[in-house]
1. Taking the alpha-carbon set of segment 34-84, what are its Rg and Dmax in Å?
2. Run the quick spin-label model on LEU105 and GLN135: label points 7 Å from Cα toward the beta carbon, then report their separation in nm to one decimal.
3. Provide the FRET efficiency to the nearest 0.05 for the SER86-MET121 pair, computing r from the beta carbons and using R0 = 25 Å.
4. Can you tell me the convex hull volume per residue for segment 75-179, based on C-alpha atoms, in Å³ to the nearest whole number?
5. Relative to the first principal axis of the alpha-carbon coordinates of the chain, what is the inclination of helix 164-186, with its axis defined by its Cα atoms, in degrees from 0 to 90 and to the nearest 10?
6. If the cut-off is a Cα-Cα distance under 23 Å, which lysines reach LYS6, setting aside same-chain residues fewer than 8 apart in sequence?
7. So between THR193 and GLU11, what do we pick up on full extension, going 0.36 nm a residue minus the alpha carbon distance?
8. Between the helical axis of 134-144 and the dominant principal axis of the chain, each derived from Cα atoms, what acute angle in degrees is found, rounded to the nearest 10?
Amino acid sequence: MFGEVKRSLVEYGRRLLESNMVGGTAGNLSVRIEQELFAITPSGVPYNELTPDDVPILDMTGHVVEGNRKPSIEFRMHLEIYRNFSDVRAIVHAHPMYCGVLSILRLPLPALSETMLMYCMFVPVSEYANSGTEQLAMNVVSAMRQSRAVIMANHGLVCAGGSLKEAFDMCETIERTAKMYVLALSTGKTIHTIDEKDALEAMEFLRKNYGQRQ
């Protein structure tokens, strides 16, 4: 069952690996199937070897209801995001380099470019907790009340969207912006951010006008 959803996770898992936002078997992806079920990548299976049959289906108590593979150790984070944000349909968790730099500096990403504003006005840093724990999940949920993209302290980046494509594209955009920020910081010169009023106006304009409309 749920073959299309499983195939999409296989496809985007490979795209995540090819994007260099993860190495090895790091990171994880999931898709909400319905309000009470979600599919998630399995623990420790290389993305270039992943098949649809490897993808487990979990319920909202964290139990595997279909599949023989163990889910990602971060299933609790995905579960709590789905529980707390009904608009979220897909999640991508990656370990991109420049977001990683910000994560160990515990620096949030401010409004720096209009491409970033297509998704959020800033990216907060969640409090640190060990991988796979309930505390990490709750820390991410708390930070995600401010932005659907969150830098996880000393860990990585998680993006939640209305589709797997949106969550993946958000990760790529946030990482590119983080690279700009880290390089700009390295100059020692003043960083000029987009002020809140202009950022809000730009976000509203982009929401209404960017892309093709039916």
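The values are calculated or read from the model by the stated rules, or taken from the named source; none is laboratory data. Quick caveat, the model's predicted, so the values are computed rather than measured. Here Cβ is always computed from backbone atoms with ideal geometry, including for glycine, and neighbour counts include all displayed protein chains. Heavy atoms of the whole protein, side chains included, go into the accessibility calculation; ligands, DNA and RNA do not. Shrake-Rupley method; radii C 1.70, N 1.55, O 1.52, S 1.80 Å.
1. 10.6, 32
2. 2.6 nm
3. My answer for the efficiency is 0.75.
4. 78 Å³
5. Taking Cα atoms only, the helix is inclined about 40 degrees.
6. In chain and number order, the partners are LYS70, LYS165.
7. The THR193-GLU11 span can extend by a further 62.0 nm.
8. That works out to roughly 40 degrees.
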